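Engineer: Handing you this structure, nothing more for now.
The values are calculated or read from the model by the stated rules, or taken from the named source; none is laboratory data. All values reported here derive from a predicted model rather than from experimental measurement. Methodologically, a virtual Cβ is constructed for each residue, glycine included, from the backbone with ideal geometry; neighbour enumeration extends over all protein chains shown.
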Amino acid sequence: MHSSFAYILNKRHIINFLRNRPYCLKTKHSIRISNMELKLLIVSDTHECYDTLNTIIDRSDPDIILHAGDFCNIPLEFIEDAKYIEEAKESIQRQVDIIARKGKPIYIIPGNHDPGAFFKHLEAKYGDLGIHTAKTLGAQSECIAPGLHIAALGGSLPAYIGERLHWKGYPYTTEQECDSAITNYLEPQLAGDGQYILLTHFGPSFSPTCRFYQTCGEIIEAGSSKLEDLLIDNASKILINIHGHTHWGVGVFSFGDDMKKVLNPGAVLYNNYAEVLLKCENSLWKVQEIQLKQI
C-alpha cells in the first residue's frame, strides 16, 4: 500500500495542495473529504477478538481506520519466541484483512503484546513482520489530508503502583528506554509543517486515560511523562493523541487551550471503540466530535 493518499477536493484546494505537498498524491485509494471533514474509526487492544472486530467494522463508515496496538496476546516471556511470532503474524494479518473489507486506508502500530518485528523503528534488530494492506507506522510521519499528518510510536513502558513495578513494558524495559524512543523516533516525526495526530500505544502521564483504579484503592500508572512533555511542547501542532494500552481508561482528556485532546477508545476486547470527526476551517484542522462507542 502506498504511503499517502489522494483527495477529491474542489479546484482551489487541489491547486494549493499540489503546490505544497506533491508527495501526497500517489495512491490506489481516493478519499472524498466532504466540506473538508474526515471521519476516523479508532480501535485498539483487539487481543485477537475477531468477531467483535468484525461487528465494529460492519457498523462503521469511516474515511480512515486507525489501530493503536495490541493485536495479539503474546505473554511477555514468549514475546521473542519464533513459534509465537509466526502465530502473531497470522493473527495480525487476519485482523487487518477484516478491517480492509471497508476498502479504506488503514494505519496501525504495535502494542506491548505484539512481536518486535512489528515495530518499524526496530527493523534493524528484528526484521520486518511483513503485514500487508495496512500501513505500519513508527518510523516516519504520514500525510493523510491537506495539512494533516500522523506521527506514531508503538509499545509500552513499565507501569507502576507507587514505586512498585506492576506491568513490564515492551519493547521498552525501562522508562528511560521509552524516553529515548520518543526522543529519537517520535519527536523527529513532528518536524514538518502542518498539524498532527499522535498515535501511540501508551499515553501521557497527565491523562486519566492512562490510569487504572483498582477496587482496593491502588492506582496503576501506565503513562509516560516524556510523552506528556512532548504534547505540551508541541501543543500548537498536535491535534489529538490517540492511545490504547489501559483497557479501562476509556475516555477523553483535554489539555492546553482545551481544543487539544487525549483519547483512549478502550479495548475491542471489552467491546469498546471510538469515532472521531475532524473538520478543517480556514486551513486549520480541529476535533469536531468524539464518540465513544460500545457494541
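Engineer: crowded, with 18+ Cβ neighbours inside 10 Å, under 17 Å from the mean Cα position of the chain (by Cα), in a helix (DSSP H, G or I) and of a type in the set (Phe, Trp, Tyr) - does that describe any residue in region 61-72?
Structural biologist: Of all residues in region 61-72, those crowded, with 18+ Cβ neighbours inside 10 Å come to 62-72.
Now drop any that are not under 17 Å from the mean Cα position of the chain (by Cα), which leaves 62-72.
Okay, now just the ones that are also in a helix (DSSP H, G or I), so none.
No: zero hits.
Engineer: Could you tell me whether region 179-197 includes any residue that is part of a strand (DSSP E or B), small (Gly, Ala, Ser) and closer than 22 Å to residue 66 by Cα? If you could, list the steps in order and put the result at the bottom.
Structural biologist: Initial filter on region 179-197 (part of a strand (DSSP E or B)): 195-197.
Pick out the ones that are also small (Gly, Ala, Ser) and you get none.
No, the conditions are met nowhere in region 179-197.
Engineer: Hey, can you tell me all the residues within region 257-274 that are surrounded by fewer than 18 Cβ atoms within 10 Å (Cβ to Cβ), part of a helix (DSSP H, G or I) and either within 17 Å of the chain's Cα centre (by Cα) or among the charged types (D, E, K, R) (or both)? Show your work before the answer.
Structural biologist: First, the residues of region 257-274 that are surrounded by fewer than 18 Cβ atoms within 10 Å (Cβ to Cβ): 257-259, 269-271.
Now narrow it down to the ones that are part of a helix (DSSP H, G or I): 269-270.
Answer for region 257-274, where residues must be surrounded by fewer than 18 Cβ atoms within 10 Å (Cβ to Cβ), part of a helix (DSSP H, G or I) and either within 17 Å of the chain's Cα centre (by Cα) or among the charged types (D, E, K, R) (or both): just 269.
Engineer: Quickly run through region 230-249 and pick out the residues that are crowded, with 16+ Cβ neighbours inside 10 Å and part of a helix (DSSP H, G or I).
Structural biologist: Once the filter is applied, which keeps residues that are crowded, with 16+ Cβ neighbours inside 10 Å and part of a helix (DSSP H, G or I), region 230-249 yields 230, 231.
Engineer: Which number in (1) over 25 Å from residue 57 (Cβ atoms); (2) crowded, with 16+ Cβ neighbours inside 10 Å; (3) touching a strand residue (DSSP E or B) at 6+ places or on another chain (Cβ under 8 Å) marks the one condition that residue 254 misses?
Structural biologist: Only one criterion is unmet by residue 254, namely (2).
Engineer: Moving on to the next point. Got a sec? Which of 120, 135 is surrounded by fewer than 21 Cβ atoms within 10 Å (Cβ to Cβ) and within 13 Å of the chain's Cα centre (by Cα)? Break it down into steps so the answer makes sense when it comes.
Structural biologist: Working: 120 fails: within 13 Å of the chain's Cα centre (by Cα).
It is 135.
Engineer: Ok, one more. Is it fair to say residue 108 is among the aliphatic types (A, V, I, L, M) and either buried (at least 24 other Cβ atoms within 10 Å of the Cβ) or farther than 21 Å from residue 48 by Cα (or both)? Reasoning before the result, please.
Structural biologist: Working: among the aliphatic types (A, V, I, L, M): yes; either buried (at least 24 other Cβ atoms within 10 Å of the Cβ) or farther than 21 Å from residue 48 by Cα (or both): yes.
When the stated conditions are applied, residue 108 passes them.
Engineer: Filter region 113-153 for residues that are in contact with a helix residue (DSSP H, G or I) (Cβ under 6 Å, 6 or more places away or on another chain) and of a type in the set (Gly, Ala, Ser); which is nearest to residue 66 (Cα to Cα)?
Structural biologist: If we take residues in region 113-153 being in contact with a helix residue (DSSP H, G or I) (Cβ under 6 Å, 6 or more places away or on another chain) and of a type in the set (Gly, Ala, Ser), then 134 is nearest to residue 66 (Cα to Cα).
Engineer: Does residue 287 satisfy being hydrophobic (A, V, I, L, M, F, W, C), touching a strand residue (DSSP E or B) at 6+ places or on another chain (Cβ under 8 Å) and over 25 Å from residue 215 (Cβ atoms)? Give the derivation first.
Structural biologist: Working: hydrophobic (A, V, I, L, M, F, W, C): yes; touching a strand residue (DSSP E or B) at 6+ places or on another chain (Cβ under 8 Å): yes; over 25 Å from residue 215 (Cβ atoms): yes.
Yes, satisfied.
Engineer: Cβ-Cβ below 7 Å, separation at least six or inter-chain, first residue in region 182-197 and surrounded by fewer than 19 Cβ atoms within 10 Å (Cβ to Cβ) and of a type in the set (A, V, I, L, M), second in a strand (DSSP E or B) and at pLDDT 95 or above: which pairs?
Structural biologist: 190/151; 190/196
Engineer: Please state which one of 156, 207 is modelled with pLDDT of 95 or more, more than 18 Å from residue 71 (Cα to Cα) and small (Gly, Ala, Ser).
Structural biologist: Values: 156 fails: more than 18 Å from residue 71 (Cα to Cα).
Exactly one residue qualifies, and that residue is 207.
Engineer: Go over the candidates 238, 220 one by one and state the one that is in contact (Cβ under 8 Å) with a residue 12 or more places away in the chain and either out of contact with any Leu (no Cβ under 7 Å at 6 or more places or on another chain) or over 18 Å from residue 286 (Cα atoms) (or both). First the steps, then the outcome.
Structural biologist: Numbers: 238 fails: either out of contact with any Leu (no Cβ under 7 Å at 6 or more places or on another chain) or over 18 Å from residue 286 (Cα atoms) (or both).
None of the other options fit; the residue is 220.
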